[in-house]
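One structure is given below, encoded as structure tokens.
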Amino acid sequence: MSSNLSVDCVVPVDSENSDESALHNGFLMVIAVVSLVLDCLLIAVMSRRSASQPDLYLICGFVIANALNSIGLLCASAYRIWWRTAEPLCVPPKQCIVGRFYIPVHMIGSGAVALSMLLLSLERFFLFWRVEWHRVVFKPFGTTVLVVMTFVLSSSEVFAVYVDSSSHSAKLISSLCYRKDYSSKYHNFVYTWLKISLAIVALLFYLLSYVIHKMSIQRAHSSSCLGQLRKARRGSTLNNLLAISSAIAFFHVAPLAMSPFSHWSIALVRGVKILHNLYLPLSVALCMVTHPFLMTNVQRLAAKLPWRLPVPRRKTAIIYIG
């Protein structure tokens with residue numbers, strides 16, 4: 001056993017050296033790779049956009065954050081598989097932040113994903129509630145600033161965790177660097193409930209937008225045909241974003257809510273982690289399938305490939321005016 005080990009450090013050798021652990025981390029690597037492929041595909045599709053739609057700017061920020069999250073998951077899972085063949089070590093908590101680059105990357109990506117979903121819900125809410133405010137707040141430049149701010153705020157969490165871990169640097173933890181080990185219980189509590197609160201607030205904004213949209217449809221009986229088509233398109237986008245947000249909230253909030261019970265069994269912990277990380281590829285796939293602009297460009301991109309992809313088709317109606 002290494003000289004870096006301490007009586008205060010508990011290294012879970014038996015559980016982490018098991019074949020089940022290797023399969024679990026291997027499955028997480030597959031999830032991360034699939035998510036990265038979808039992220040790159042969606043970024044390629046986003047680069048073809050010609051219109052400056054605020055939701056597309058926000059989705060672009062969401063995809064970049066999702067890619068950072070996937071990179072962090074991929075590197076962490078690969079390290080834990082390699083760790084099975086290495087000598088278990090103990091490190092100071094702050095070493096997990098300064099010595100494992102993928103941990104800050106994962107933090108930034110995870111925080112930016114939650115903030116991006118909140119911004120997307122706010123954008124839809126302002127669009128249906130106060131159009132004039134929407135035009136002011138979500139201009140192309142303003143939206144870009146908001147996207148950058150999501151990453152700045154997420155980066156501040158890295159600094160907060162570093163300060164928190166430095167406060168108990170005399171303690172030694174496993175070099176696997178689990179979050180519950182390198183950060184305090186108070187910080188974990190705040191982190192868990194902040195992520196849950198952000199997801200719930202985003203869902204509330206989507207529900208309010210949905211109610212406002214339905215009420216405006218009931219009041220507008222004498223609208224023009226183009227006005228009705230515009231509202232139908234906005235309503236379709238709203239429904240799709242609501243579905244995406246609900247799915248992400250379930251895969252993101254449910255594992256966090258179950259974390260207090262994770263000490264019951266190792267199998268429960270692994271199941272919670274898989275459920276928590278499934279939202280990485282799922283959210284990007286839902287964005288591509290449900291967003292009208294993205295779906296159209298995915299179909300065009302798939303048509304150029306030498307092999308056929310099972311891409312769903314949308315019916316398009318051509319309307320002649322005049």
**Request:** Scan segment 100-127 residue by residue and report those that are of a type in the set (A, V, I, L, M, F, W, C), crowded, with 22+ Cβ neighbours inside 10 Å and more than 28 Å from R179 (Cβ to Cβ).
**Result:** F125
**Request:** Write out, first by first residue and then by second, each pair whose Cβ atoms fall under 9 Å of each other, whose residues are 6+ apart or on separate chains, and whose first residue, in segment 152-171, is closer than 11 Å to I108 by Cα while the second is part of a helix (DSSP H, G or I) and polar (S, T, N, Q).
**Result:** S154/S110; E157/S110
**Request:** Determine which single condition L73 fails, assuming it passes every other condition in (1) at pLDDT below 85; (2) in contact with a His (Cβ under 8 Å, 6 or more places away or on another chain).
**Result:** (1)
**Answer residue from segment 97-122, given it is more than 18 Å from S197 (Cα to Cα), touching a residue at least 60 places away in the same chain (Cβ under 8 Å) and in a helix (DSSP H, G or I) and is nearest to the chain's Cα centre (by Cα) among those** = I103
**Prompt:** Say we look at segment 140-192 and pick out the residues that are in a helix (DSSP H, G or I) and small (G, A, S); which of these is surrounded by the most Cβ atoms within 10 Å (Cβ to Cβ)?
**Reply:** S165
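The values are calculated or read from the model by the stated rules, or taken from the named source; none is laboratory data. Owing to the predicted nature of the structure, the values given are computational and were not obtained by experimental measurement. Neighbour counts run over all protein chains shown; Cβ positions are idealised from the backbone, glycine included.
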